1. Work out which GluC sites (Glu not before Pro) in the chain are exposed loop sites (DSSP not H, G, I, E or B, at most 13 other Cβ within 10 Å) and give the longest gap free of them.
2. Enter the Cα centre distance for the pair region 8-29 and region 116-178, rounded to the nearest angstrom.
3. Let me have the 222 nm mean residue ellipticity of the chain computed from DSSP H runs of 4+ only, each contributing -39500 (n - 2.57), with the sum over all residues rounded to the nearest 500.
4. Does the chain classify as rounded, prolate or oblate by the C-alpha gyration tensor (a ≥ b ≥ c root eigenvalues; a/c under 1.5 gives rounded; else a/b over b/c gives prolate, otherwise oblate)?
5. GNM on the chain, C-alpha springs below 10 Å: top fluctuator among 76, 138, 65?
6. Round to the nearest 0.05 the FRET efficiency obtained for residue 6 and residue 73 when R0 = 22 Å and r is the Cβ-Cβ distance.
7. Check which residues have an amide H placed less than 5 Å from residue 56's amide H, if you skip close sequence neighbours.
8. Can you pull out the trypsin sites (Lys or Arg not before Pro) in region 54-135 whose DSSP state is coil and whose Cβ has at most 16 other Cβ atoms within 10 Å?
Amino acid sequence: MILSDVKILKAIENKEIVIEPFRSSCLGTNSYDVHLGATLALYEDPILDAKKHNKIKYITIPDEGYILLPGTLYLGVTEEYTETHTCVPFLEGKSSVGRLGIDIHATAGKGDVGFCNTWTLEISCTQPVRVYKGMPIGQLIYFTVDGTIENYYNKKQNAKYNERTDKPVESMMWRNKF
């Protein structure tokens, strides 16, 4: 079941959901709008290796915006830091963003209960498009969980994305054993 605006507000009151900064104008009927942070990242090497730490370089989005090009994976970040302690957060792109040909995630739209951080975005586009820091980029939808949780993300020994950041985070696949 998806939380309504009233349930999201109640969860924020009870500290079951944390959104920083929280702006009531961003609360929809059953979602919360998040915004593009000031930093993008690009992988330095054109060939990525799942078993190696692929280095990234950061780009600060200037006031006049930054042009995304097709065929390039950009890592972005939300302005908002979030915590979710009792429900499952899903991040989806806003329809207005999709209508500009921008995808904000390749596969990582679902968070885990206990996820506490900004959201790294896996951005791609179908044609050149200028983006701006602070623009609405996505919306968080919260689903209730059925059952007891034993393994919160922020308490897992092997969680790879627990360090609080305001910048995009590159893939940590290389930390897995395979």
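1. Of all site-free stretches, the longest is 65-149.
2. If we compute the Cα centre of each part, the gap is 18 Å.
3. -1500 deg cm²/dmol
4. Working: a/c = 2.02, a/b = 1.23, b/c = 1.64.
It comes out oblate by the Cα gyration axes.
5. 65
6. Using R0 = 22 Å, I get an efficiency of 0.05.
7. 44
8. 55, 99
Bear in mind that the values in this text are calculations on the coordinates, not laboratory data. If you're wondering where the values come from, they're calculated on a predicted model, not measured in any experiment. All Cβ positions, glycine included, derive from the backbone under ideal geometry; neighbour counts span all protein chains shown.
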